[in-house]
Amino acid sequence: MTLDLTDDEAAALARVLRRVIDDDRFPHSPRMAPLRAILGKLEPPVGKPEPPPPLTGGDAPSSTLGAGGDDEALPWAPHDVGERRPGAGPLDRMVSRLRTADRS
């Protein structure tokens with residue numbers, strides 16, 4: 001069966017199908033599969049986005065982190081996050097243990 005739809009009609013049908021699928025309580029249920037298939041024919045899937053450009057030289061995160069183990073090597077200091085006190089959390093204690101173990 002072939003439907004001869006104008007672009008406006010196809011767009012309207014796609015909008016209705018999208019709304020029915022999105023508003024359904026279980027949009028991924030098997031009963032929605034035929035509607036998703038029809039929608040896929042009306043709105044072909046968009047291709048994958050382009051990957052980001054590769055990191056070069058100074059852009060690489062490893063070039064700024066852990067250089068000497070002190071906070072000056074970091075682009076941010078752990079105590080810059082909100083109202084947290086430095087050394088208050090379990091992660092801060094673990095980092096300080098790793099730093100002292102690394103120095104010995």
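The values are calculated or read from the model by the stated rules, or taken from the named source; none is laboratory data. Everything quoted here is computed from the prediction, not taken from an experiment. Cβ placement follows ideal geometry from the backbone for every residue including glycine, while neighbour counts extend to all protein chains displayed.
Here are a few things to note about the model shown:
- Complete set of residues in segment 25-52 that are in contact with a helix residue (DSSP H, G or I) (Cβ under 6 Å, 6 or more places away or on another chain) and of a type in the set (D, E, K, R): 43
- Only one of 4, 92 that is modelled with pLDDT of 65 or more and in contact with a helix residue (DSSP H, G or I) (Cβ under 9 Å, 6 or more places away or on another chain): 92
- Residues in segment 33-55 that are assigned to a helix (DSSP H, G or I) and of a type in the set (D, E, K, R) were compared, and the one that is modelled with the lowest pLDDT is 41.
- Subset of segment 21-32 (residues that are under 26 Å from the mean Cα position of the chain (by Cα), exposed (fewer than 14 other Cβ atoms within 10 Å of the Cβ) and not in a loop (DSSP other than H, G, I, E, B)): 22, 23
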